[in-house]
Each structure stands twice: as structure tokens, then as C-alpha cells.
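What follows is a single structure, written as C-alpha cells, with notes after it.
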Amino acid sequence: QALLVESGGGLVQPGGSLRLSCRAVARTMSSYAMGWFLQAPGKEREFVAGISWSGRDTYYADSVKGRFTISRDNAKNTVYLQMDNLEPGDTAVYYCTMYYSGNLPGDVSSWGQGQQVTVSS
């Protein structure tokens, strides 16, 4: 188990950018894969991006490829989601995750509290 604390959500216009951060405060994250999921109103939570323990392997949902970038700084115990060229369809609550293993695919061990991202004119 880990406590994952997210920040960086907010309101942005279409075409704008946001950067979400997720810091693991209860344990080190350096040995574990990390990721991001989103949940739009009335829909199932779905995968957005993942990153292996070393940061060398990354994975993205087709809908965000070329627009979002996941990265991590193990020294800071933090994972990031850089969100560029945002679209109204990106509006959702974004949840940081920690996995049991060092790479994807795998089971999720912890969830962050969620960050609301709203893309609107």
C-alpha cells in the first residue's frame, strides 16, 4: 500500500496544457510501475498511461498518444502526466496508480485521490 497525493488539475481551454503530479508519500515508488487512469461522468474508469519502474517503457491509450506524456522522477518519488493539446473529451477525473509489479500490465495496488481536469471554452 502507498499514499498517492495528486495535484495539478484545473480548468483549461481547448488546445491548452496541464501537468498532473502524483507523489508517493507512504513508501518508495522506485521499484514499481506507475500510471494514470481517468473516469468521465457516467463511465467506467479507463487506462490513460503507464510507465515502468525505470521510466524506460511507457504505454498510452490510443486517444492520448501524441498529446500526453508520462514521466517519473524516482528521486522525488513523483510521477507526472503532461497533457498537451487538450480537448473537451479529455474532461474527467484523473487518478494516479501504483502497480504491484515493475512493469505493465499488472494489478493496481494503490490509487490517488483524483484530480478534476475540465477542458472548456
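Taking all Cα pairs closer than 8 Å and separated by 6 or more residues, the relative contact order of the stretch 13-79 comes to 34 percent. Among the trypsin sites (Lys or Arg not before Pro) in the stretch 1-56, those placed in a DSSP loop whose Cβ has at most 10 other Cβ atoms within 10 Å are 43, 56. For the chain, the share of alpha carbon pairs falling in successive 5 Å distance bins from zero is 2, 13, 24, 26, 19, 10, 5, 1, 0 percent. In summary, the convex hull built on the alpha carbon positions of the stretch 21-79 has an orientation-averaged projected area of 4.7 nm². What separates the Cα centres of the stretch 55-121 and the stretch 5-44 is a distance of 5 Å.
Computing FRET efficiency as 1/(1 + (r/R0)^6) for residue 76 and residue 103, where r is the C-beta to C-beta distance and R0 is 22 Å, gives about 0.60. Taking the 1.4 Å solvent-accessible surface of the stretch 1-66 as the whole, the part contributed by carbon and sulfur is 47%. Scanning residues 5 or more positions from residue 16 or on other chains, those with amide H under 5 Å from its amide H are 86, with H placed 1.01 Å from N in the peptide plane.
Based on C-alpha pairs under 8 angstrom that are at least 6 apart in sequence, the stretch 60-121 has a relative contact order of 27 percent. The residues of the stretch 1-117 expose on average 50 square angstrom of accessible surface per residue, using a 1.4 Å probe on protein heavy atoms. Dipole orientation for the chain: of the candidates 75, 117, 41, 75 has the Cα lying most toward the positive pole (charges on Cβ; Lys, Arg +1; Asp, Glu -1).
Amide H contacts under 5 Å for residue 2: none, restricted to partners 5 or more places along the chain or on a different chain, H placed in the peptide plane at 1.01 Å from N. Extension gain for the segment residue 3 to residue 113, taken as residue separation times 0.36 nm less the Cα-Cα distance, is 38.7 nm to one decimal.
The values are calculated or read from the model by the stated rules, or taken from the named source; none is laboratory data. Values in this document were obtained by computation on a predicted structure and should not be read as measured data. Using ideal geometry, Cβ is built from the backbone for each residue, glycine included, and neighbour counts are taken over all protein chains shown. With ligands, DNA and RNA removed, areas are computed over all heavy atoms of the protein, side chains included. Shrake-Rupley method; radii C 1.70, N 1.55, O 1.52, S 1.80 Å.
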